[in-house]
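To start, the structure itself, in C-alpha cells.
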Amino acid sequence: MGESSMNLIESTTRNNKMEEVEREEEQEQEQEMDPESNNPLHQTLIKRNRTLSSNPLALVGEKVSYIESLDYEINENDLFKHGWRSRSRVEALQYIFLKWLLAFLVGFLTGIIATLINLAVENIAGYKFLAVIKYINGERYLTGFLYFAGVNFVLTFVAAILCVCFAPTAAGPGIPEIKAYLNGVDTPNMFGATTLIVKIIGSIGAVSAGLDLGKEGPLVHIGSCIASLLGQGGPDNYRIKWRWLRYFNNDCDRRDLITCGASSGVCAAFRSPVGGVLFALEEVATWWRSALLWRTFFCTAVVVVVLRAFIEICNSGKCGLFGSGGLIMFDVSNVTVRYHVMDILPVVVIGIIGGLLGSLYNHLLHKVLRLYNLINQKGKIHKVLLSLAVVLFTSACQYGLPFLAKCTPCDSSFRDSESVCPTNGRSGNFKQFNCPPGHYNDLATLLLTTNDDAVRNIFSTNTPHEYQPSSLIIFFVLYCILGLITFGIAVPTGLFLPIILMGSAYGRLLGMLMGPHTKIDQGLFAVLGAASLMAGSMRMTVSLCVIFLELTSNLLLLPITMIVLLIAKTVGDCFNPSIYEIILHLKGLPFMDANPASWMRNLTVGELVDVKPAVISLQGVEKVAKIVDVLKNTTHNGFPVMDDGVVPPTGQANGATELHGLILRAHLIQALKKKFFLKEIRRTEEWEVREKFTWVELAEREGKIEEVAITREEMEMFVDLHPLTNTTPFTVLESISVAKAMILFRQVGLRHLLVVPKYQASGVSPVVGILTRQDLLAHNILTVFPHLAKSKSRQKRN
C-alpha cells in the first residue's frame, strides 16, 4: 500500500513536471513567434515569479522596494478589548478633539508651505526673466540665452541631485503612491521628513527652471507627508512619544489624516476647497465616510484662509515679485457667458478631441516611462544627466521659438489699466520680447513666463486677436513634446499644469475656428479645452468640474463644463485606463480595483488556495523554537492560531480543533522581544499580559526576527498566543467566488482573509488557506490559471 501510494505520488509529480516543461516550451514558441515580447520596452518594470504567492516588489518613487499591506482592520485581541472597555469619557472626547486639531494643523501647515513655494517660485523665476529681458532689450541675445539656460540648468541640477541622492521617493508627483497607500499598500519611505524637505526644495527648483511641470501633484504629496508626520509624532528617528499621540498609532487613523493632507494639497494648488475634497473622494481615497468628509472640508477651509491672508499681505507689495501671481486664478465673474443650442456642437467636439488626445497622451507616456526606466537602471548619474538634457532642450525651445513668431502691433483697445501693451516685466500679456515699440510677441507671452502666468495669459478673455494660429500650433506641439519627455525625470513633477497648457492651446485654436459661429469667448474655449484633456487623461469628472468652476468663479459655465468632462471621459475609457492607473501598473503597486473582472466569478477561493503553499498554523500555547523557526523560514505576516482537543458547546466526546483567531508577525516578534515565555504549557492570566504589553505597543510594526536574541534554554519554553490573537478575523467559505472575496477584501480594508472549509468534520483543519492582496490581483491569478485569460479575451470579442 505504501509503495503504490509512493509510485502514485512520483507519477503525479513526473506528470506535473512534464506539463510545466510543455507549458514553458509553448511560451518560448509564442515569444519566438512574437518578436515584440522580447523587446524590453514591452516588458514589465518589475519582473515577477510565476507563482501566486510571490514576493511583492514595486517601484516606490525611483526605488525598488518590498511591499507589504496595511492593517486597516481593527485587531480585536484581549488587550484591545480591555483598553476599549477601560477608556473613560474624557479620553474619548480627547481623541475626538485631537483628530480635529490635527486636521487643523494639516491644513494650516499645508497652506503656509504652499505659500512659501509660490513666493520662492515667483521671485526666483521673476528675477530670472527680468535679467533675460535686459539682455534682450540690449540685443545681447546669445548672452540672454546662456544666462537663461544656465540658471535653469543649476535649478534642475539641485532638484535632481536631491531626489537621486537623498530621497528617491520625492521624484514624480507622488499621487499614484498616495492612491496605493489609501488602498491598503504600505509604500515605504513615502511620507518621511527627508522626502518632505526634498519635495519642497525640488519643486521650487524644477518649477522655477521653467520645466513643463506643475507644483500641484507635489503639493498633494507634501500635504500627505505633513499629515503622516503629525500623526506619528515626527520622523522615525526622532519621534515624539507624547501620551496623547498614542491614539493615532494605527494605520486606520493615519489613513484618514493622509486623506486630509491630499485634499489640502489640491486646495492649496488651485485655491479650490470643495474641489480638493472631491478630488480625495473621487481619485485617491478607497474608503470614505461622512465623518471624514467633514474633516477634509475643515482642512481645505483652513488652507483657503491661510492662502487668502498671504495674498492680502502680498498685494501690499511685501512679497517681492509675487504680486497677484503664484496661484492659478482665472476670474471671469465679470464676463457674460452666452451660448445657444447650436453652441453645444463645438462643446461636443472639444469633449471628443479631449478624450482622443488624452488617451493618446496616456499611451505615448506609457512608452516613454518604459524607456526612461531602462535609462534610470544604469545608475544615478544617468538619472541626473537625463534631467539636465530635458531642461536644456526646454530652455532652448522656450528662448528660441519666439524668434519664429511675427511681431503684432498693439491694438488701441489693449491700452487700458489692466492690459498694458507691450509689457516688459516678468508677467502679463503682450510681451515685447524682440519686437519694436508698440508691438508684442504672442509666442513669447506664452513661453517666456512661469507656467501659472502662461495659463492666465492663454485663458484671458475679450482678446480674440491676441494670438496668431501659428503661434498656438507651435505652443501646442511644443508642450505635447515637453509633456511627454519631462514627466518621469528625477525631479518632483506634476501632471495637472502640463495637461492644462496642452488642452487650453487646442481649445483656443478651436475657438478661433468657431469664432463666427458661436458666442463663446476664446478664453472660455481654452478653459473647456483644458478641462477636456484632463478628463481624457485623468478620467476625473466631478472634482474637475468643481475645480474649474472655483477657478473661473462663474456658475454659468457649469452645463457646458459637465458636457465636456462626461464626453471626454467616455471617449478616453474606450481606449485605455487613466494615467494614474497606468503608472500604478508600471510601478508594480498592488492596487485593488473597485470592480472585479467578470471571469473572477468562474473561480472559487478554494481553487485559489489549492495552488498556494500549505497554510502554516500555530498552537494557542506554542513552543518558542517553533515560533522562531516559522518567522525565520517564512515571509508570511499572519498565522492562524488553533487549539486541539477542544470540546465544543454541543458536546462531542472526541473533541475538535478550534480556530482561535489570527496573529500577526509583528506581534510574535514583540512577544519574543518582551520575553513573554512560560516554562510549562498553560494559559496566562490577564494581569500577566498587561504587565508585559499595552494595546498601544501592539500597533507598532517595527522589528525583525534577526534582531531578537534567544538562548537555548528559552527555545524550550512556551508562549501563550491567546491574548495577542485577533479573535474576530474575517473568514469566507472555500466555495465563494474570487469576485466576492475581492469585493469584501477591498471594501473592509483587509490584510488577511481566512478561507474555511465548507464541511466541518473530525480531523479536518478549520482553515483551508489564507488570501492576501497579492493573491487577489488579476495578473497574478492569470499567471497560474492561463485558461482564464482566453475566456477573458473571448468575452471582450463578444
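The values are calculated or read from the model by the stated rules, or taken from the named source; none is laboratory data. Computed from a predicted structure; not experimentally measured. Positions of Cβ are generated from backbone atoms using ideal geometry, with glycine treated the same way; all protein chains shown enter the neighbour counts. The accessibility values were calculated without ligands, DNA or RNA, using every heavy atom of the protein model including side chains. Shrake-Rupley method; radii C 1.70, N 1.55, O 1.52, S 1.80 Å.
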Problem set entry | Förster radius 41 Å - calculated FRET efficiency between Ala291 and Tyr127 (Cβ-Cβ, nearest 0.05) | 0.30
Seminar exercise, completed: The size of the Cβ-based charge dipole (Lys, Arg +1; Asp, Glu -1) of the range 549-656 about the Cα centre, to the nearest 20 debye, is 160
Seminar exercise, completed: Largest-first ranking of Trp287, Trp687, Trp599, Trp294 by accessible area, probe 1.4 Å, whole protein assembly kept, is Trp294, Trp687, Trp287, Trp599
Problem set entry | In the range 459-564, trypsin sites (Lys or Arg not before Pro) in a DSSP loop with at most 15 other beta-carbon atoms within 10 Å | Lys519
For this session: Round to the nearest 10 and report in Å² the accessible area of Thr727, as given by a 1.4 Å probe over the protein chains' heavy atoms.
Result: 40
Problem set entry | Highest-first arrangement of 527-538, 562-573, 432-443, where packing means the average Cβ count within 10 Å | 527-538, 562-573, 432-443
For this session: Heads up, I need the accessible area for Ile663: 1.4 angstrom probe, whole protein in place, Å², nearest 10.
Result: 0
For this session: With a 1.4 Å probe and all protein chains in place, put Ser88, Ser208 in order of accessible area, largest first.
Result: Ser88, Ser208
Problem set entry | Largest to smallest accessible area among Glu216, Glu706 [probe 1.4 Å] | Glu706, Glu216
Seminar exercise, completed: A chain fully extended from Tyr95 to Lys134 at 0.36 nm per residue, minus the present Cα-Cα distance, gains in nm 8.2 nm
Problem set entry | Where a label projected 7 Å from the Cα of Val748 along Cα→Cβ would reach, residues of the range 160-198 with amide N under 20 Å | 182-186
Exercise. In the range 513-598, which chymotrypsin sites (Phe, Trp or Tyr not before Pro) fall in coil by DSSP and have 15 or fewer other Cβ atoms within 10 Å?
Worked result: Phe575
For this session: In whole Hz, with x marking every Gly and Pro, tabulate ³J(HN,Hα) for the range 445-459 from phi via Karplus 6.51 cos²θ - 1.76 cosθ + 1.60, θ = phi - 60°.
Result: 4, 8, 9, 8, 6, 6, 4, 5, 6, 4, 5, 4, 5, 6, 7
Problem set entry | Phe97 accessible area, 1.4 Å probe, all protein chains in place, Å² to nearest 10 | 130
Exercise. Distance in nm between label sites at Thr783 and Val764, each 7 Å beyond Cα in the beta-carbon direction?
Worked result: 3.2
